[in-house]
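Each reported figure results from applying straightforward, stated rules to the coordinates on display, with no laboratory input. Predicted, not measured: the structure shown is a model, and the values here were computed from it. Backbone-built Cβ (ideal geometry, glycine too); neighbour counts: all protein chains shown.
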Amino acid sequence: MKKLLVLFTVAVLSCTLPTANAHSELVSSNPSASSYIEVLPEQIELEFNEELLNLSSGNSVSIMSPNGEDLGMGETSTDGARVTRLLNTTSELGSFEVKYRVASADGHILNGSFTFNLTEAAVVTSENEKTTEAESGSNLLVNSVIGIFAFGVLLLIELARRSRKRRITSAD
């Protein structure tokens, strides 16, 4: 019984303890990756899982139109874990590629890219209007851990009930 309880505790703890992430990663963006939007936002916003180094020219975001023109305007701005860059308007429709290069707090450089699609003529929106982002897949992990934990609690209750039942039966 004690071995089973120890093994179960180790299994639950190994599933619930957070893993160490060695480097920054993109957690959200506006527009979001692979999205279809009707209106081009005023700026591209990228958010990472940890603070970034605020380097004058080290962090960059390029927004490439379908014909290969960079629509970025001005410098890339870094504030904590968020990077932004203003956009020029365009009448082009199609697939736009966002390319980024950022320096994480530990000094590692992260390069990446994603695309989004503009499906109607672009008109710059106000800053208050934002496209909605899909829910991240991290909820699957949280729900799985909760499910495993609940199963473990039920297993412990059943084992305790059976153990008590055996004690009562053997005492008679």
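Per-structure values
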| item | result |
| --- | --- |
| Cβ-derived FRET efficiency at R0 22 Å, SER77 paired with GLU38, nearest 0.05 | 0.30 |
| Residue order, fewest to most beta carbons within 10 Å, for ARG82, ARG161 | ARG161, ARG82 |
| Long-range HN-HN contacts of SER35 with modeled amide H, under 5 Å | ASN117 |
| Spherically averaged projected area of segment 26-118 from its Cα convex hull (nm²) | 5.3 nm² |
| Amide proton proximity set for MET73, modelled H, under 5 Å, gap of 5+ | LEU86, LEU87, ASN88 |
